Amino acid sequence: MSKQYFLCGILGALALGFGAGCFYQSTQNKIAVVDVNKIVAASEQVKEMKANQDAKAKELAAWLQEADNTVKNEKDKAKQDELLQNYKEEFAAKSEEIRTQYAKELQSINDNITATITEEAKKKGYGLVIAKEFTIYGGKNITDEIVNIIK
């Protein structure tokens with residue numbers, strides 16, 4: 001009789017372990033997909049960054065026009081060459097500053113969007129999130145939920 005209880009105990013423990021393992025796997029294998037392009041397009045941070053970049057580009061274009069006029073109006077060839085060299089160096093510095101700032105802003109936005117997707121996926125019990133562009137079939141599309149959060 002004790003042998004039967006022992007066998008039933010082992011079978012019960014195995015069944016419990018199998019059930020727990022299936023539950024763990026079911027939450028770990030739950031897959032979500034997101035349309036990254038749609039999320040980025042809806043992001044207020046991205047829109048603001050694009051507006052800032054457009055404004056900086058216009059400022060730089062105006063500055064270049066002014067520099068060009070200054071160089072053209074200089075009659076002395078040596079001074080003209082010196083002005084041109086100074087403007088080239090200044091342009092390179094301004095361009096590098098704009099690129100650096102853009103890269104920092106882009107990284108910050110990327111980190112924010114990634115954190116939002118991760119947080120929402122964890123709340124909903126997803127173990128994996130894949131970009132919709134790389135998914136042919138399957139997964140729950142949570143794009144609209146993310147878009148509503150980042151707006």
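Checking the condition out of contact with any Ser or Thr (no Cβ under 7 Å at 6 or more places or on another chain), over 20 Å from V46 (Cβ atoms) and basic (K, R), which residue from K123, K104 passes?
K123
If you check K123 against the conditions, is it under 30 Å from V33 (Cβ atoms), exposed (fewer than 11 other Cβ atoms within 10 Å of the Cβ) and not polar (S, T, N, Q)?
When the stated conditions are applied, K123 passes them.
Within the range 46-53, can one find any residue that is part of a helix (DSSP H, G or I), in contact (Cβ under 8 Å) with a residue 60 or more places away in the chain and surrounded by 12 or more Cβ atoms within 10 Å (Cβ to Cβ)?
Yes - at least one qualifying residue is present in the range 46-53.
Those residues that are more than 18 Å from the chain's Cα centre (by Cα) and of a type in the set (G, A, S), I need them from the range 81-134; list them, please.
A92, A93, S95, G125, G127
Can you pull out every residue in the range 26-78 that is farther than 26 Å from R99 by Cα, charged (D, E, K, R) and modelled with pLDDT under 95?
Result: K30, K72, E74, K75, D76, K77.
For the structure I just gave you, tell me whether Q65 is surrounded by 12 or more Cβ atoms within 10 Å (Cβ to Cβ) and of a type outside the set (V, I, T).
So Q65 does not fit the description; no.
A quick yes/no check of all residues on (1) surrounded by 13 or more Cβ atoms within 10 Å (Cβ to Cβ); (2) outside any helix (DSSP H, G or I):
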| residue | (1), (2) |
| --- | --- |
| K56 | yes, no |
| N69 | no, no |
| K75 | no, yes |
| L84 | yes, no |
| R99 | no, no |
| N112 | yes, no |
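Take the range 88-115 and flag every residue that is more than 30 Å from I146 (Cα to Cα), free of Cβ contacts under 8 Å to residues at least 12 places away in the same chain and among the basic types (K, R).
Result: K88, single match.
How many residues, within the range 133-148, are within 15 Å of V46 (Cα to Cα) and surrounded by 13 or more Cβ atoms within 10 Å (Cβ to Cβ)?
Here the count works out to 2.
The values are calculated or read from the model by the stated rules, or taken from the named source; none is laboratory data. The structure presented is a predicted model; accordingly, all values stated were derived computationally and were not measured. Virtual Cβ from ideal backbone geometry, glycine too; neighbours counted across all protein chains shown.
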